[in-house]
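The values are calculated or read from the model by the stated rules, or taken from the named source; none is laboratory data. All figures in this text were calculated on a predicted structure; none of them were measured in a lab. Cβ atoms come from the backbone with ideal geometry, glycine included; neighbour counts cover every protein chain shown. Ligands, DNA and RNA are stripped out before the accessible areas are found, and what is left, the full protein with its side chains, is counted by its heavy atoms. Shrake-Rupley method; radii C 1.70, N 1.55, O 1.52, S 1.80 Å.
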Amino acid sequence: MELLISTGLIVLVAMAAVGIFLHFVPIGLWISALAADVHVGIFTLIGMRMRRVPPAKIVMPLIKANKAGLDVNVNQLEAHYLAGGNVDKVVDALIAAQRAQIVLPFERSAAIDLAGRDVLEAVQMSVNPKVIETPLVGAIAKNGIEVKVKARVTVRANIDRLVGGAGEPTIIARVGEGIVSTIGSSESHTNVIESPEEISNTVLSKGLDAGTAFEILSIDIADVDVGRNIGAQLQTDQAEADKRIAQAKAEERRAMAIAREQEMKAYTQEMEAKVVEAQAEVPHAMAEAFKNGNLGVMDYYNMMNVQADTEMRKSISQSGNKKVASGK
């Protein structure tokens, strides 16, 4: 019984030892590499395990690269993996570039991948250009008519400018700016509708792909629509604004006239008050003149006769004016 227990323990220990050995020494992967004529040392595979690098993520892309005739080694692939790159995608991109006869060194491919761009998609876009459709861009011609244009931009990835080059939003923004500038310099919206290719030629000649990760192959106008008459609307708005300004000035003048009228009324009332005040002083002055002997009775009667005559003449004059006004 003790012999069986000891034998079982030995078997378990042996199996555990074999499992640990196979974990650190991937014999199957090493044999696969040898069968593919890829020379990877067994201690190199053990070192990958120690550095926490999955050997399969290095050896399998290395076998693929070797079969494609690429000059890459295990150290390059492992260093790229440790830097956080996608080794398999980099190798696929190198193979695609080689088949398309595009010069793409491993260092540039790894740099593109580490920069966050899809290097395989970039190589595929270099072979098969991509079409970018701009949103509807509205611009106003010199005659005030709005023109809406939608364009399709055919671009090809520029491998040399993928690192540090601007992306698709920059291309769309620059093309939109060129469309607005071209339409704005047109004398009439009919010129744009009759010759939309002029927009393409003008925009394409401005070198809009400078500093971007793409090369613009063509700009094609997909749709041209006529929008609002912005010029007429602006003139209408200006006329309305001028009308409001004139009304405001007229209201200001009316208010000033009313203020002056009120001022004159106040002045007239003040003068009338002073006249009444002066008239109230006349009897006192005459009494004082009688008392002092400066005014005689005959003088007083003469003054009253003059005043009565004046009142009569004034009454006759007012009566005549009323008859003339009534047409009698």
Identify all residues within region 152-167 that are open to solvent by 20 Å² or more (accessible area, probe 1.4 Å) and modelled with pLDDT of 85 or more; write none if there are none. ARG152, THR154, ARG156
Could you please find all residues in region 201-213 being more than 16 Å from ALA115 (Cα to Cα) and surrounded by 20 or more Cβ atoms within 10 Å (Cβ to Cβ)? VAL203, LEU208, ASP209
Of the conditions (1) of a type in the set (Gly, Ala, Ser); (2) under 26 Å from GLU198 (Cα atoms); (3) in contact with a His (Cβ under 6 Å, 6 or more places away or on another chain), ALA139 fails just one. Which one is it? (3)
Which count do you get for residues in region 25-65 that are free of Cβ contacts under 8 Å to residues at least 24 places away in the same chain, under 55 Å from the mean Cα position of the chain (by Cα) and open to solvent by 40 Å² or more (accessible area, probe 1.4 Å)? 2
Leading residue by the ranking (farthest from VAL147 (Cα to Cα)) among those in region 214-231 that are out of contact with any helix residue (DSSP H, G or I) (no Cβ under 7 Å at 6 or more places or on another chain) and open to solvent by 40 Å² or more (accessible area, probe 1.4 Å): GLU215
Taking ILE95 as meeting all but one of (1) farther than 30 Å from LEU70 by Cα; (2) touching a Leu at 6+ places or on another chain (Cβ under 8 Å); (3) modelled with pLDDT of 85 or more, write down the number of the exception. (1)
Identify, please: which residue in region 169-200 is within 16 Å of the chain's Cα centre (by Cα) and among the charged types (D, E, K, R) and is, among those, surrounded by the fewest Cβ atoms within 10 Å (Cβ to Cβ)? GLU177
When ALA241 is evaluated against the numbered criteria (1) open to solvent by less than 80 Å² (accessible area, probe 1.4 Å); (2) touching a residue at least 40 places away in the same chain (Cβ under 8 Å), which criterion, by number, is the only one it fails? (2)
Report the residue count in region 77-122 for those that are without any contact (Cβ under 8 Å) to a residue 60 or more places away in the chain and open to solvent by 50 Å² or more (accessible area, probe 1.4 Å). 20
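Do we find that VAL90 is assigned to a strand (DSSP E or B) and not aromatic (Phe, Trp, Tyr) in this structure? Give the steps one after another, and end with the answer.
Numbers: assigned to a strand (DSSP E or B): no; not aromatic (Phe, Trp, Tyr): yes.
When the stated conditions are applied, VAL90 does not pass them.
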Is there a residue being open to solvent by 30 Å² or more (accessible area, probe 1.4 Å), out of contact with any Asp or Glu (no Cβ under 9 Å at 6 or more places or on another chain), assigned to a loop (DSSP other than H, G, I, E, B) and modelled with pLDDT under 90 anywhere in region 137-148? no
Within region 66-76, track down each residue that is open to solvent by 40 Å² or more (accessible area, probe 1.4 Å) and assigned to a helix (DSSP H, G or I). ASN66, LYS67, ASN75, GLN76
Any residue at all in region 163-177 that is over 24 Å from ALA122 (Cβ atoms), out of contact with any Cys (no Cβ under 6 Å at 6 or more places or on another chain), in a helix (DSSP H, G or I) and of a type outside the set (Gly, Ala, Ser)? yes
